[in-house]
Amino acid sequence: MAERLTAREAVALVTDDFAPVAVPAGRPDPLGWPGYDASRARAAERTGEDESVLYGTATVGGRPCVLAVFEFGFLGGSLGRSAGDRLVDAFAEAGARRLPLVSLVATGGSRMQEGMIALTQLQRVAAAAVRLRAAGVPHVTVLRDPSTGGGWATVGAGADVVLALPGAQVAFAGSRVRPARADPAAYTAEDQFRHGHVDAIVPPDGLRGTLALWLRLLTPGDPSDRPAPPPRALGGRSLPGSGWDAVRQARDERRPRAGAYLDAYFDVRATVGGDRAGGADAGVECGFGVHDGRVVAYAAQLGGATRPAGFRTVARLVRLADRLGTPVLTLIDTPGAANDAEAERAGAGPAIAEAFTAIAEARTPVTSLLVGEGGSGGALALAAPGNTWVTPDAYFSVIAPELAAQILKRPPSEVPSTADGLRLRPQDLVDLGVVRGIVGHGEAPSVR
């Protein structure tokens, strides 16, 4: 169980300074609930706050933002009309100032004493979040203990980047309404992370630095239509002589992988994890980083078969970058999409379609580099039409040569000649117009 921080303790943990907005304390009692006014008065005396939410402007690691913070000690951090007003105002203030919104969530859900008036605050918050997204302003949330109910399902889960403190309860179902035999692990930040709903678990002593980095990465400053340059080739390989040579070079375990390209390309980076639909794919890394002083979003296949959650995470990353006006770099390296029964049940086809669609509809420039295997549609789904490059030790093919030979009823001895016929070498891809050019070791990209 995580330590339960008060609102002011949470603010002190992450901010350099905080200037709360003075808001007259509301005294709503739409249901005439017996003792409600007295409960509010006791909560105010106990916490020093006049409502479960406070907001204002702040700096985190020297970076300005609008901060909204929940006080769990005030009626369980619950949402009523007055708290809803403050959240809506915080979203509006962030949009008007074009400052990122940071929310520090700790809530048990909607306030029972205000009935449906309390529940409808979720609609108001959702509408405020839509307006903030339309303005191209990011929202980063930190989930404290507990983050449950409607506060998790709107403010928390609706953020662009979701961070959580270790051990925090994170769930739609609060502790008093869960099934008696429910697995307690399912209601933790760690389990939400494993299933793709939380981007990172961050210990308290690292939270300020992590937030400051995300504020840097999500506010690129000067969005432009200039694409990110493709990385330079690593490894010093020469162009392959045959199609089968190209396949063997791409499959060589000593070949530089996407992780090495990311390390060389970015000065600093942070990852987003999970597809927000119950899945996370360890074979795909997505995030934002700084290259040559400029923020670039990235999605990288790490060499294995890409699972549906990976494609959905790529789509999520591209759409967020597009909304913020941040250029995107994709690194392609996969033998293909996962095709086992579990992948099919998880929606392999729809997930691949989602990745294709996200790149096709992106207004921000997308640059792609094929760094290894380019297996069929699972690889092409990450490729930018008209701005895809290739390294000397990579190949792109409609299907693996072995499978192509099987389909064509050729013996295994004809796999190498089948690879030649597929014209999958880097130089073939340039000649066919599939890629824009070959990046050379230690050289700037040039069009052949």
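Throughout, read-outs are computed from the coordinates displayed, never taken from laboratory work. If you're wondering where the values come from, they're calculated on a predicted model, not measured in any experiment. Every residue, glycine among them, receives a Cβ derived from its backbone with ideal geometry; neighbour counts consider all protein chains shown.
Values as computed for the structure displayed
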{"read-out": "Charge-dipole axis of the stretch 7-218 as Lys and Arg at +1 and Asp and Glu at -1 on Cβ define it, positive-most pick from Val105, Thr15, Gly149", "value": "Gly149"}
{"read-out": "For the chain, built as a Gaussian network whose Cα springs stay under 10 Å, the top-fluctuating residue of Pro24, Pro335, Pro401", "value": "Pro24"}
{"read-out": "Residues Ser413, Ser397 arranged by fewest to most Cβ contacts within 10 Å", "value": "Ser413, Ser397"}
{"read-out": "For the chain, built as a Gaussian network whose Cα springs stay under 10 Å, the top-fluctuating residue of Ala337, Ala277, Ala164", "value": "Ala277"}
{"read-out": "For Asp16, residues with placed amide H under 5 Å, excluding near neighbours", "value": "Thr59, Val60, Gly61, Gly62"}
{"read-out": "In sequence order, calculated HN-Hα J values of the stretch 275-284 (Karplus, 6.51, -1.76, 1.60; Hz; x Gly/Pro)", "value": "9, 6, 9, x, x, 9, 10, 5, x, 9"}
{"read-out": "Qualifying trypsin sites (Lys or Arg not before Pro) in the stretch 44-138, DSSP loop, other Cβ atoms within 10 Å at most 13", "value": "Arg98"}
{"read-out": "5 angstrom amide H check on Val53, placed H, neighbours 5+ away", "value": "Glu71"}
{"read-out": "Full-extension gain in nm, Trp33 to Val130, via 0.36 nm per residue minus C-alpha separation", "value": "31.7 nm"}
{"read-out": "Sparse-neighbourhood loop sites, trypsin sites (Lys or Arg not before Pro) in the stretch 317-363 - DSSP loop, at most 13 other Cβ within 10 angstrom", "value": "Arg363"}
{"read-out": "Over the stretch 243-438: Rg over Rh, Cα atoms, Kirkwood Rh", "value": "0.97"}
{"read-out": "Residues whose placed amide H lies under 5 Å from that of Ser78, excluding near-sequence neighbours", "value": "Gly108"}
{"read-out": "Shape call, the stretch 146-212: gyration tensor on alpha carbons, a/c limit 1.5", "value": "prolate"}
{"read-out": "In Hz, Karplus ³J(HN,Hα) per residue of the stretch 7-13 (6.51, -1.76, 1.60; θ = phi - 60°; x = Gly, Pro)", "value": "4, 5, 5, 5, 4, 5, 5"}
{"read-out": "Calculated P(r) tail over 27 Å for the chain, as whole % of Cα pairs", "value": "56 percent"}
{"read-out": "For the stretch 7-218: rounded, prolate or oblate by the Cα gyration tensor [a/c cutoff 1.5]", "value": "oblate"}
